[in-house]
Every structure is written in structure tokens, then in C-alpha cells.
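The structure under discussion appears below in the form of C-alpha cells.
What follows is calculated from the coordinates using simple rules that are stated; it is not laboratory data. Every value quoted in this text rests on a predicted model; they were computed, and no experiment measured them. All Cβ positions, glycine included, derive from the backbone under ideal geometry; neighbour counts span all protein chains shown.
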Amino acid sequence: MAKRTDIKKVVLLGSGPINIGQACEFDYSGTQACKALMAEGLEVILINSNPATIMTDAELATRVYVEPLKVPFVEKILEKEMPDAVIPTLGGQTALNLALDLDAAGILKRLNIELLGAKTEVIEKAEDRAKFCKVLDKIGAKYPKSVMATTFKEGIEASESLGFPIILRPNYTLGGGGGGMAFSLEEYKVKLATALHESPTSEVLVEESILGWKEYELEVMRDKNGTFVVICSIENIDPCGVHTGDSITVAPQQTLSDREYQDMRDEAQKIINEVGVETGGANVQFAVNPENGDRIVIEMNPRVSRSSALASKATGFPIAKIAALLSIGYTLDELKNDITKTTLSCYEPALDYVVTKVPKFAFEKFQGATDQLSTQMKSVGEVMGIGRTFKESFMKCFLSLEVKENLFDKMALDEKKVSYPNSQRMYHLFQALRDGYSVEKLNQMTTINSWFLEQFEQIVKFEDELKMGEANKSNLLKAKRLGYSDKHLAKVLNKTPSEIRKLRWDLDVRPKFYQVDTCAAEFSSETPYFYSTYWSEPDPITKNPDTIVMLGSGPNRIGQGIEFDYSCVRSVYEFQKQGYKVAMINSNPETVSTDYDTSDSLFFEALHEESILEILNQLQPMGFVSQLGGQTPINLAPKLIENGFKMLGSSLESMDLAEDRGRFIKVCKEFGFKIPRSAMAHSIGGALAEVADIGYPIICRPSYVLGGRRMEIVEDEKELKSYFSRHSLFISEESPCLIDQFLERALEVDVDLVRGLDWSVVGGVIEHIEAAGVHSGDSMGVIPPQRLKPDVCEKLQTLSLKLADKLNILGFLNLQLAIKDDEVFMIEANPRSSRSVPFIAKATGIPLVDLGVKAMLGFKKSEVNPEKYVWNNGQKTAVKGVVFPFKKFLESDSILGPEMKSTGESMGRGKDYSEALLKALVSSRFELPLKGEVFLSLRDKDKAELIDLAREFESMGYTLSATGGTAKYLQDNGLNCLKTKKVHEGRPNCVDRIRSGDVAIVINTTSGKTSVEASFGIRKSCTEYSIPCLTESDAANAFMLALKKHKQANFEVYPLEKSL
Amino acid sequence: MMGSLVLESGEIFSGVWLGGEESVGEVVFNTSHSGYEEMATDPSYYNQILVLTAPMQGNYGESNDFWESENIWIKGFVCLEMQNSKRDNSWLKKLTNKGCPVLSEVDTRKLAITLREKGTVWGAIVEGSGDEAIKKAQQMIDKNKDEKGDWTKVVSCKTPYTLEGADKLGSKIALIDFGCKKNILRELQARSREIKVFPANVSSEEIKKYNPDAIFLSNGPGDPANVIEGTQTVRELIGYKYIYGICMGHQILAQALGGSTFKLKFGHRGANHPIKDYIADKVYMSTQNHGYAVDEKTMPKDIEITHLNLNDNVVSGLKSSEHNCASVQFHPESHPGPHDAVTIFDYFTEQTKRC
């Protein structure tokens, strides 16, 4: 074996908090790599600031550091651990950039640490556009004409030589951040300024547009001997012009001839060799001119990526695992193919099925943001569908997306929505086909390859055939093979989905579960990784009384992300430990849960009633679990139970009691929780009457909303009227507006607990840093609580446990409580594992998920010893930080409110609150300027509270500036403060000042629709220029604490303790 | 209309009959994602019903440039989906116009698993389904199954012809056409002065009359053990000039050197087979298409095994310094498949110049 013997200890860099462009695919790659390296007997030191990951479970590596992925922190860890090498290729762009920084700071050299997988020169050759273009020239590959601009002037000159449209690509940014496309000089100027700012090196590649070309990506691997394999070819349905993360993509490629494909493969191989990728995974993106087959190289990444996670799931080839093993010296022909177990890893997967990926967007969360797709990634998650044909796989994706839109619902066609890429394009495209648009015309409108359009056309056209024909076996089978869901069939045939299902089952039209085997059936494979298809006869039904079906959480979205995958995976491990087999169902290719070796069997299927029932019916398992995957499986549970399957843990009755507001309030009151006064109103008239009793401020939201959609704090009658007029579409007799008393300035806490038959454990109480009014997913939090009085904390735990008893919870319960004047208010209860579970587990060392599994399995108190799990046990202080995607949605306000907008979280651990805060903020990519100007614009009610803060800033040597009222208040209180104009007072105003780089920190509190809108420019400019902007007074105070700590610069780093 | 592929072992795989004429052949599957046209025109597929495991075929149309010979040699084309739209059904038309039966909507995965487990079998593509189809097919198989014939003679050119090479200083090559792919000719032409292509039944005297610098043995269809004449000719030429070959040429050379071949359970057909090349000390991907292989145990001791298929360690290349010859089992000329092994032609060419 060629494994290197000189490497005994490696540091693996993670990718930090989830944001757009860098999501849980790196938990998948990191976890895989970690497991592989540990199995090789290496000491693995893992660094990642994202607590919601499986990879940061203390059990996974030799030692785990949940610390910021920044040089000063990582330097300390390296000094402490003295590893032989650092692997930077598995943690996305963050890890790669960090490696470059560590190298540039001379730390790697000083400590004699080797970079494995990609050396600095290699990273630079691939990532630095100018150097990369040189590589391409050398091997004779073509690329778009481009100019590197480092100043605004150079950029403008470049545009003159290139002509419009022009693409802007800032160097060294994630997911094309700060880039974009400009069609006119005017638009170009704006984007150029942003792009220059976004690039950490102030370099922007200004590039000729290849709009409308076909786009491809090859996922490749290479070992130190030069063996090169393409794991997967991916074709984008959306032609060039849309970021590949936002494109619907297909694997393997469908429209290139063998000749064209092999030439592309050759070029990829040459690029990898010339860039100097010695070992590991990489990807190369190409564009092909549909007119004449001309091919150009778009870019390459010398690391595993989002698309390599997709490629791994699509083919069964564990890219990250193999990359890790290659980096320590193995070669591809020395490693087994994990799926077949009989052949080797040096092969190119052969697929006898088609895989489609469809991105999931969240434009509706970002008011003001335009739903337009470009070269900058906007999607927040993705689903993957595997089918025997493209049509089957494509339609599966749309069943998996969990959106209200359906491809088969008639709608008013908007041609613009067909012609211009946007998140709704497919729905309009399908409508256009229903309206009789020809493939030729649609090809002209969209430049989507006709082959794809024909596939869509076949799906749509069959609707008519179906309507004319009978609902017999042959037609049902045809429809299923075209990817029709029961819902789709029901719509066309005017029946209910359950009638369709019954009809199907009576006619034995059921899916076959085929294996993903990496080799198109050439070799037998034992790995139970399945997808369903109607292109074969169904298998006989089996009985699996020792199998538990785990329902995953589906595509990442704001409000339901990696935290739930963490819970799912961790619980799979625990169920297995307790002797059960687990079958996992999920549709999200980025996750650890959809790794074929996480569970005993994996079904890559939609989390949809139809798909799950087919699997349950096929497996006849002991039961299913729906407490761990967030709200998705909870919503599915009733239908599954109705069909005779058993749910583990809390009963439907318990869940209903917690989720039915009316019944729940009654129970809460019984137990001494206060409940905010509340009412319902169908109209503004009713609302006004109700508010008379409740009193302002109030929180309004339409019923049936998730993640706080359209939830707003309303302070007076004028705003209430405005609220009703703006949201009139969502408020009706059937769907009234819910009005709650808003507990202003209340302290909010999250309580996560597990209850068994005769025992319970409180996992922890997280105190929110921001006061009530900010969605719990968006607020920072700290454990143990810093402001909550101990007796109140005791009391709320007692109340929570009693409530869990009353609800008869078996498993998880998450409570969101507010404390005002020492009284405990119940905000809401979630009878499931929550977003905060992984954070709590890591902050306290309590293996909360394991306990939840034991609870569901009916473990007794004597078997669990609950008394040993004490959350407030003198461990470190842990702060949860939050990451927002506002940079991608500049037209949307970054002010925090009751609607969740964050994509990810970080964790800072410290010996005290300030150290933990500092780390959480750094990890959340907050800038912490040590000097400069602090700009304040405060609403009246915050002025008194924040005067001390302003004073502190001044004493620390910062200068102050503020707009009218705030400036006067500060001056009246004896502070030196520069007065600047508000935006409506003319120029230069405060926004100009921020934009010109004079301001280092902004504190801007505001409320009420009008004031919020008036101050939007302030926050927007902060987002654009990465200036810290605090919009809430408690958060501002916390920021100050972190700043002070930062100034002292005396932090420590701590490995995570193993679970209790 | 329904159509069926019936295996001689009795299994029936029904699908949609898309045209062509009913026929009989050895049923084989290939796992390449692309390259249907190259495969269908590769003479090595003569007498075979080609099952493609990639779901859709015909998706990128057709082009005469992709042809590897002047004919469609396969006896049938079986797939899950066939490109058949108003805009483009060119590949389907091309096949059926030549009389090649096309069967789509067949559960090709189940079929491939059956072939993998049972081994390569004969079969017939017939119109219709059910017992009647089975009966008809079995009669056809009984009548047409041919396991003893020397198929290389069927597909080979009938009279010699000469091709000009691109390298004025290169060698003069005598090529025995056992069913040569065009791209082998192209790769050789690029590296030689002149190539004279001889039919499969050429005698050693005729070759010697041409006085070549080296002799190339091409790929071709069928069981090498049946290629008695070709093997004899090569046996007579060993030691005369440098001899090199590909696929069938490799098997014939092995036989001529005293070794024998055996039938693989279900063959190697695809574009993703890993090869360990001991000459270049490299591992790379190769295109493969063979149902038989050289039996290492039967090879004389002085023969060096130069290439191995890493999936099952089957001999994939050999060399003999003493007898001045070398060959590979796989297809460095690709078409379809990866180009990784194309440098073997350079290696071969160098050897032709040494003598």
C-alpha cells in the first residue's frame, strides 16, 4: 500500500455556517473524509464553526474544535495540535481561502505543516483568473475573452473592448458572490463597483458573455500516479447565464455526442494536470456553442464542491472519501469501490438511470428582491430525483420541492417568465406547452436545448391522451413512466390522489426499487441504495419488523436546514446502536443523511405522501419516525398513520394538542404559563375591535404560515390598516389574520427537552440575545443564560416538564418562551426535534438526539439515568451566531423581525460570555473594526438605553456620527457627535458617508413601516460594503462586548468535550 | 406495436417494436453513456443484438462521421427509450432503414442483470409478445444460431486496398482486416507511410510479397478459436516482422503464439474499464468490447503480460521480445470512449521502426 507513513495527524478544515453557495454539502464531504481518515488510524483534528453539522460531533474525530475559521484562531489550534498536515479541499471556498491565508501568514511554514490535496500554487492557478487563463493558453483550451480589472477605470475600459452583455466575476468569492451580468453601461457601472468591493483582492474578471450556450460540468478525480477518472458529467438545462447552483441540471449529460464528450473529457484532464492538482476531486465547467459545437472553459475548482456532492449521490461514488484517502497517499487502484465491494475505485461510474437536480428558491422571503436568475447564486437548497428516464427523474424533483406550485396546474402564462430565467420559469414553460407553443418557438425564447423541451412536451401532451382515454393499467403505467404523481393524475382524471393510489394498487401499478450500483448492472452490488421506477415490475412485498423508516427533512430552505439533517443522522446512529435497521428517505443530495453508508438502506425519494407510502408498503417496517426532520415529516404523519403505519414516539394526539392553538392555549393556562393575549380577525374592522382589548404593539400574521411568513409587528392603527391592505390576498374568512399581543422588550428563550415514559431531560435553555420580536432562528442565543434570573429559569423548566407530561410527549419537545416581568409566556411548542438541538447538544455535551431515540423506543428511567444529564453544568459559555444572505438580495431589507431570513448559524465557545460572543460574531463573518466612526440612527425609545453604549464607543476611541435627532440627543448628553443628513434631507447624507467608506460600524434601530422604509438605504449600504449593522439594541450591546474582547485579543481555543 | 427480445434460455423481454426486420444474434450489453452509432457500425458487433444500458439512445442524432465501417453490423438494437421526435428521429430511421430491428421500452436493467447472471446467450428480436413470440423466436434461434463460424471472414474486406499514411518517414504496414474499425485505420495512418489492408483470409505469402515493415492485426467479431485460417497465417508470420494487434488481433496473436482463449461469462463492453499498463506504468480508462479473452495459464512462459483489466484481472495486453510482437485486448482507438490509451499507437509505431 502506498499510504504515506509520515502523516499521522491531520487537520480537516470545515466550511463554517451555511450560506447561499456553501451549504451542508460540505458537512457531507467533511464527515465522509473524517470517517475515512479515522478508519485509517490517523488522528483527525476537525475545525468548523458550524455546530449544526454531523462532522462537529465530538465522537467523529479525534478532537473537534468549534472555532472560527480565521487565521488567529486556527493558528492557535495548529500550535496546540502540531499536525503533520492540513486538508483544505473538503471545506469549500472557505477552507481553501483559509489555507491560502495561513500560508501567506507564514504559519504553515513556521509550524512545518503540509497542505494535502492542493498546494498554494495549485489553488492560485485555479482560482486566480489571470493565472488560470495562462494554464488554458498553454494547453490550447479556449475561454471567453476577458480583462482583469483592479480599478473602476480599468473596468470601464475593458467594457469598451468587450461589448455588452458582460459578465463580472470577482476573484476569490463564494458562489459567484458580487458577480453578475450587465447588459448596459449604466448597469455595468453599478455592478463593477460592487464586484471590486466584494473581491478580497479587489480583482474582477470582466468577461465576454456566452449567454445561451449549453453549460456542462465534469466532476473528476486524480491520484498521485496521474490516473484520471470522470465521476460524473452534468448538463445544465438552463443555458449559460444562470449560475450552475441555480440551474436545473441533469446527469449524465444528455445532448453531446461521444466525440464531443470525449474531447471535453480530454480537456478536463489536461487542465487538472496543468493546474497541478496532484490528488483529489475537482470540477471543470464548460460551455458549448449550440450553433457550431465550439467549446470554452468557464472555470475549475480544485476541491470538492456542491456539484461533487451531487455527483456522489448521483453515481454512488464517494468523492470526498476517496479524495481524503488519495491525499494521504493511496491511489485509485488501491481502493475498493464501496458500492459493489468487488471492483476498484478506478473506474468511471456507468449510469442506467438519469438524475435531475432542481434548486429551491426563497425569493418570497426577501421582500423587494427581484426574482431573476443570473450568474450570482440565489437558491437556498436543492432536491435530486433519480428515475430510469429523464422525465421520471425530472418530475420526481418537482414532487420533492415542497412548494405550492405544481407543473400541472393551469396558470396565466407570462411570456417574460419563460424568456428570462427566474424561479418560476418551469411552471410558465409547462403552461406555454399546454397553450400549444412549439418546441422550436420555446427554444428560441429560452435557448434551452430542444431535446429537453421535447421531454417536457411529452409529459404535457400525455395529459390530453389521458383525458381522452381510460384510467386503465396501460395508461396509468404510461403516466407513471412519464413521471406523473398521483396528485397529477388525480388532477387530470378528476379524482383524488388516494383514489388514484387505490386504483393503481388494485391494478398492481407499483414502483420497482432499483439499485444505484455505479456500474449499470455490470457487477452485482450489495449496497442498498434505492430509487423507485415504474419501468419494471414491482418486487414482492417483504416484512421488515426490525426496520425503522426515518423521514428526512427534504430540501434546505430558510427555517429548515442542516440542523434537521443532523438530528436525523445522529438518530440513525442511535437506532442502529440499539439494534434496529434504519431505512432513510430523503430527497436532498447535499446531506449526510443521503450518504449510502449512513443508514442501513437509503431511498432517494421525495418526502411526499405518495413516495413514502410506496416505500412503507414495500418494506412493512416496524414503524416510521417523523420527529427529527423538522416540519416536513410532522405534516406527513397523519396520512401515513391513516394508511395503517405506526409512528414511533409522541402520538398524533400529542402533536395535535401542541399544534392546535386553541387546545394548546387551554393546556398552557392550566399549567400556569401566561399566554400573550390573542385574537383572530377576517377584516380590518374586526381587527380594530380586537386590538382594543389586546393593546398595541401586536404581532399580525395570516394563519397557515411557516417560518414567520408575512408576520409583522404592528405598533398603531395606521400600521394595522396598512398591514391589512398589503396582505389582503392572504386574509379571508377561511384564513383569518392571527393577532397576538407583542411582548415588547421581553426576554425570549428556547427550551429543548426529551421526555421518556417515566423520565425527562432538559437539554438546555437558550437565552436569545435580541429581545422578543426577532424570529428565534434569526436571533443570537447564549447558553447558559446571562440575564435570566435563576429562579425564573428553574420555574420555566419545571413548567416545561409538566407541560411535556400533559402533552404525553415521547421524544422531543421544543418550547419557545418569553419572560417579561418574571412571568413566563408560552409563545409556541414544537413536538419534535428543533433547530436548536445540535447547538444545545454541543454546548452542553448532552447527547440529546440519542436520548430522544431512547424515549421513542420506550426506555425506562432506570435504563437511561436521566439525572446525569445536567445542562447547566459549568461547561463553557456558548453563543449561537447567525448568518444572513442579504448580500444576495440587496433590494431586500436586512432589518430583523418575526420572519426568519437567516441561512445558517455559527457557534462561539468561550470561558465567558464575551469570548463566546466574539467567536460567534467572527464566525458569522462579522467585521469587528477596532477603530473608526460609529454611525448611530436610533428610534426614540432606544436612545436612553443606548446612550451608555455610545459613550463606551467614544471612550474606546471611536468617533461618532448620527442623523438629526440621534445626534442632538448624543450631543445633549455630552458626547462628541458629527451630525449627518438623513436621506430625505439631501446630499451628502448618511448613506453617502457609509458608501464612501467613512463609517466602520452602524447602529440603526427603527420600527414602524414608514421609518423602516426611510432608513432602508442605511442598512442596504452596510450590506453592500460588509459594514456591521446592528438593528436591535441588545444585539448592539452584545456587539460592544465582543469588540472589547477583540481589542484585548486574549482568546483561547478549546476542543469540544465528548458527549456525557 | 409490441416486440420482444427472447433469450434462448427462455426469458422474454417485451417492449415497443420500432421497425426493422426480425433477427437472431448473440445478446450483449454495453454500459457506455454515448457512442451508439460507433458501436452499431463496429464490425466486432457482427451477429450480436446490442443492449444499451444507458436509458436513452439516439438523443444526439446521427452523423456519418461516427461510422466505424460501411455497415450496421448489429442484429438488433435494444434500449429503454429511443429518441423519436418530429425534430429528430434520425438515428432510429438510420437503423430501421438498414433493416436493423429496434426495440425500445425494454427493462434493460433487468435484461442486463439476467445476462450478467446467466452469461451471454443467443436471442431473437421478434414482433409481438407472449408465448407466440417465444415460440417463433426459439425456432429462429435454432435455425440461425451460429457458434462455429469464422465471422471475421464475413466482415472483412474482400480485396486488398492501400491507404496513404501521413508520416513520410514512417513504416509500411500490412493490416489484416478481421473487421477493422475506421478509427484504427485513422490512428495508424497518422503514424505510418503506407498501409495495405488485406482480407482476413490472406496468406502469409501475400503479406510477405508486400514486404511491410510491420503487420497489424485488427479487431473483429466472434470466437477467436474459430478463426483458424487467420491464426495460421499469423503463426507463419511470427518472427518475420513486428506484429501488433488489437482485440481480435490480440487474441489471434495469442493463439498463434501457442496460447488459447476462453469465453468470458458476459464479456467486457463499455467505456469505463480500468487498465493497468505495465509498460507505461499507468492506470487508465479504456473502451472494451470483447466476449472472449486470452487465458494467461496457456501462454508460453516467455510471453510478457503487459496490460491487465483491473476489474477482473483478465489479460489485456501482451508482448514478446523474442517473437517481436505485442497486442492489447481493449480499444486504444476509442470511438466510442475515452482517449486515455491512444499513446499505445505511438508505442506500437516506435516498435515498427525498430526493426
Over the residues of the range A:114-210, compute the C-alpha Rg and express it relative to 2.2 N^0.38 Å. 1.10
Taking only C-alpha pairs under 8 Å that are 6+ residues apart, what is the relative contact order of chain B in percent? 15 percent
Among A:ILE713, A:GLN741, A:LEU729, which residue has its Cα furthest toward the positive end of the charge dipole of the range A:677-741, with +1 on Lys/Arg Cβ and -1 on Asp/Glu Cβ? A:LEU729
Using +1 on the beta carbon of Lys and Arg, -1 on that of Asp and Glu, and nothing else charged, what's the dipole of the protein assembly as shown about the Cα centre, debye to 20? 940 debye
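Is the range A:677-741 rounded, prolate or oblate when judged by the Cα gyration tensor, a ≥ b ≥ c being the square roots of its eigenvalues, rounded requiring a/c under 1.5 and prolate requiring a/b larger than b/c?
Judged from the Cα gyration tensor, the range A:677-741 comes out rounded (a/c under 1.5).
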Treating only Lys and Arg (+1) and Asp and Glu (-1) as charged, each at its beta carbon, one finds that the range A:9-124 has a dipole about its Cα centre, in Debye to the nearest 20, of 160 debye
Can you give me the long-range amide H partners of B:THR306? Hydrogens built in the peptide plane at 1.01 Å from N, cutoff under 5 Å, separation of 5 or more residues or another chain. B:GLY317, B:LEU318, B:LYS319
HN-Hα J couplings of the range A:1025-1042 from phi, Karplus 6.51/-1.76/1.60, θ = phi - 60°, integer Hz, Gly and Pro as x? 9, 6, 9, x, 10, 9, 10, 8, 5, 5, 5, 5, 5, 5, 4, 4, 4, 5
Over the range A:764-832, what is the relative contact order in whole percent, taking alpha-carbon pairs under 8 Å and six or more residues apart? 23 percent
When the helices in the protein assembly as shown are scored as -39500 (n - 2.57) per DSSP H run of 4 or longer and the sum is shared across all residues, what 222 nm value do you end up with, to the nearest 500 deg cm²/dmol? -10000 deg cm²/dmol
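So in chain A, what percent of DSSP beta bridges are antiparallel if you round to the nearest 5?
Rounded to the nearest five, the antiparallel share is 70 percent.
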Which of A:GLU899, A:GLU157 has the fewest Cβ neighbours within 10 Å, and the rest in rising order: A:GLU157, A:GLU899
Projecting each Cα onto the charge dipole of chain A (Lys/Arg +1, Asp/Glu -1 at the beta carbon, about the Cα centre), which of A:GLN631, A:ALA182, A:ASN422 comes out farthest on the positive side? A:GLN631
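What is the range A:929-1027 by shape, rounded, prolate or oblate, if you read a ≥ b ≥ c off the alpha carbon gyration tensor as root eigenvalues and call it rounded for a/c under 1.5, prolate for a/b larger than b/c, and oblate otherwise?
oblate
Can you compute the FRET efficiency between A:GLU670 and A:LYS502 using 1/(1 + (r/R0)^6), with r the Cβ-Cβ distance and R0 = 35 Å? Round to the nearest 0.05.
According to the calculation, E is roughly 0.25.
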For A:ILE248, which sequence-distant residues (separation of 5 or more, or a different chain) have an amide H within less than 5 Å of its own amide H, given hydrogens modelled in the peptide plane? A:ILE237, A:ASP238
Whichever lysines have a C-alpha closer than 23 Å to that of B:LYS143, once near sequence neighbours (fewer than 8 apart) are set aside: B:LYS75, B:LYS98, B:LYS118, B:LYS135, B:LYS153, B:LYS263
Extend 7 Å from the Cα of B:LYS209 along its Cα-to-C-beta direction; within the range B:148-190, residues with backbone N under 18 Å of that point are B:157-163, B:173-177
Describe numerically, in nm with one decimal, the distance between label points set 7 Å from Cα along Cα→Cβ at A:GLU121 and at B:LEU264. 4.1 nm
With a bin width of 10 angstrom, please list the P(r) values of the range A:9-124 as percents of all Cα-Cα pairs, from the 0 bin to the one holding the largest distance. 15, 53, 30, 2
Compute the Cα gyration tensor for the range A:515-648, then decide on rounded, prolate or oblate, letting a ≥ b ≥ c be the square roots of its eigenvalues: rounded whenever a/c is under 1.5, prolate when a/b is larger than b/c in the other cases, and oblate in all that remain. rounded
Which FRET efficiency value, to the nearest 0.05, do you get for B:TYR278 and B:ARG193 by plugging their Cβ-Cβ distance into 1/(1 + (r/R0)^6) with R0 = 25 Å? 0.25
Looking only at B:ASP65, B:ASP302, B:ASP107, which one moves most when chain B is put into a Gaussian network model with springs between Cα atoms under 10 Å? B:ASP65
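Going through the cross-link list A:LYS360/A:LYS639; A:LYS718/A:LYS979; A:LYS718/A:LYS943, which pairs have a Cα-Cα distance over 28 Å in this structure? Mind dumping the intermediate values first?
Values: A:LYS360/A:LYS639 25 Å; A:LYS718/A:LYS979 30 Å; A:LYS718/A:LYS943 24 Å.
Over 28 Å Cα-Cα: A:LYS718/A:LYS979.
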Quick one: if you stick a label point 7 Å off each Cα along the C-beta vector at B:LYS143 and A:VAL71, how many nm between them? 8.3 nm
When only Cα pairs under 8 Å and 6 or more residues apart are kept, what is the percent relative contact order across chain A? 10 percent
In the protein assembly as shown, if the dipole is taken from +1 on Lys/Arg beta carbons and -1 on Asp/Glu beta carbons about the Cα centre, which of A:LEU978, A:VAL204, B:SER4 is farthest to the positive end? A:LEU978
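For the range A:4-43, which trypsin sites (Lys or Arg not before Pro) pass both filters: DSSP loop (anything but H, G, I, E, B) and at most 13 other C-beta atoms within 10 Å? Display every interim value, and only then the final one.
Working: sites: A:ARG4, A:LYS8, A:LYS9, A:LYS35; in loops: A:ARG4, A:LYS8.
Counting only loop positions with at most 13 other Cβ atoms within 10 Å, the trypsin sites (Lys or Arg not before Pro) in the range A:4-43 are A:LYS8.
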Quote the FRET efficiency, to the nearest 0.05, computed for A:ASN289 versus A:GLU537 with a Förster distance R0 of 56 Å and r equal to the Cβ-Cβ distance. 0.80
When A:MET468, B:MET56, A:MET780, A:MET622 are ranked with the fewest other C-beta atoms within 10 Å first, the list becomes A:MET468, A:MET622, B:MET56, A:MET780
Rounded to the nearest 20 debye, dipole of the range A:677-741 from Cβ charges on Lys, Arg, Asp, Glu: 220 debye
If A:VAL358, A:VAL853 are placed from fewest to most neighbouring beta carbons inside 10 Å, the sequence is A:VAL358, A:VAL853
